[in-house]
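The values are calculated or read from the model by the stated rules, or taken from the named source; none is laboratory data. Fair warning: this is a prediction, and the values are worked out from it, not measured in the lab. Cβ sites come from the backbone with ideal geometry, for glycine too, and all protein chains shown count toward neighbours. Quick note on the areas: whole protein, heavy atoms, side chains included, nothing else; ligands and nucleic acids left out. Shrake-Rupley method; radii C 1.70, N 1.55, O 1.52, S 1.80 Å.
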Amino acid sequence: MLSFDDGPWPGNTPAVLKALEDECTKALFFPIGKHATYHPEILRQVLAAGHTIGAHTWSHANLNSKKLSEQQARDEVEKGFSAVKMALGTTPSPFFRFPELQHNPQTMAYLGTRNIAIFSCDLDSFDYKRDGNPDKIVNTVMTKVDKLGKGIILMHDFQKHTAEALPTLLRRLKAGGYKVVQMKAKTPMQTLPEYDEAVLKDQKIAPVSTRPVSSVVQTVSQ
């Protein structure tokens, strides 16, 4: 199963979507809440293409950090889901991945009370590394896949090299006899009203609206 963290992002996420479409492949996306508010139109492209969308916190905070209280960790989770919902105009899947794969025991227990599935990974592509390049990403993934025979592959649609590596990687997986599967939730995620309201208030965006380019540029520069 292919999974992509940290999107949505201009250029790179659409390129990932194009590569997946060319090979009729579906994947699981874990977008960051803030990124979803910056580029809701791109996240809606992910949904329109038929991919599964979960959440990856509001700001990609390390929830296992001692600097975060238990309540702050919960806020990161819930606000992230609400932001994704606001961007999509519909509820995401109750699927969650911890930033940096830093699992916090208290937050894991909380996610259980919310009936949210936690995803780790079996194969890390290491596509986030600065010295990464498309060929290196492909070789890293295929070496691990051939060794394990199956698993959840971690990638990032935030990274340019990931989109560049995908066409070759998907062809290599197909040639190797592997089948990429898509995971779907039986029921949608039920966000909490107070966090839905917080996202609307803090970001000053309306559901399913596209922020002006000037606003996006200003936000990123800050």
Report task. Taking residue 170 as the residue in question, decide whether it is in a helix (DSSP H, G or I), farther than 18 Å from residue 33 by Cα, of a type outside the set (Asp, Glu) and open to solvent by less than 30 Å² (accessible area, probe 1.4 Å). Result -> yes
**Report entry** Where residue 127 falls short, out of the listed (1) more than 22 Å from residue 170 (Cβ to Cβ); (2) not in a helix (DSSP H, G or I)
**Finding:** (1)
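Yes/no matrix, rows are residues, columns are (1) under 30 Å from residue 143 (Cα atoms); (2) among the small types (Gly, Ala, Ser):
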| residue | (1), (2) |
| --- | --- |
| 41 | no, no |
| 49 | yes, yes |
| 68 | no, no |
| 75 | no, no |
| 86 | no, no |
| 95 | yes, no |
| 121 | yes, no |
| 129 | yes, no |
Query raised in the report: Taking residue 90 and the conditions (1) part of a loop (DSSP other than H, G, I, E, B); (2) open to solvent by less than 10 Å² (accessible area, probe 1.4 Å), which numbered condition does it fall short on, given that it satisfies the others?
Result: (2)
Query raised in the report: Limited to region 135-155, what total is found for residues that are open to solvent by less than 30 Å² (accessible area, probe 1.4 Å) and on the phi < 0 side of the Ramachandran plot?
Result: 8
Report task. Could you run through region 96-134 and say how many residues are in contact (Cβ under 8 Å) with a residue 24 or more places away in the chain, open to solvent by 40 Å² or more (accessible area, probe 1.4 Å) and aromatic (Phe, Trp, Tyr)? Result -> 1
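Quickly run through region 29-85 and pick out the residues that are of a type in the set (Lys, Arg) and over 22 Å from residue 200 (Cβ atoms).
Here is the first cut: in region 29-85, the ones of a type in the set (Lys, Arg) are 34, 44, 66-67, 74, 79, 85.
Listed by number, the residues that qualify are 66, 67.
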Report task. For residue 184, work out the one condition from (1) surrounded by fewer than 17 Cβ atoms within 10 Å (Cβ to Cβ); (2) part of a helix (DSSP H, G or I) it doesn't fulfil. Result -> (2)
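Taking the criterion of being within 17 Å of residue 32 (Cα to Cα), in a loop (DSSP other than H, G, I, E, B) and modelled with pLDDT of 95 or more, would at least one residue in region 146-158 satisfy it? Even if it seems obvious, please write down each step before you answer.
The first filter runs over region 146-158 and keeps only residues within 17 Å of residue 32 (Cα to Cα), leaving 154-158.
Subset that is in a loop (DSSP other than H, G, I, E, B): 157-158.
Checking which are modelled with pLDDT of 95 or more leaves us with 157.
So far as region 146-158 goes, yes, one or more of its residues are within 17 Å of residue 32 (Cα to Cα), in a loop (DSSP other than H, G, I, E, B) and modelled with pLDDT of 95 or more.
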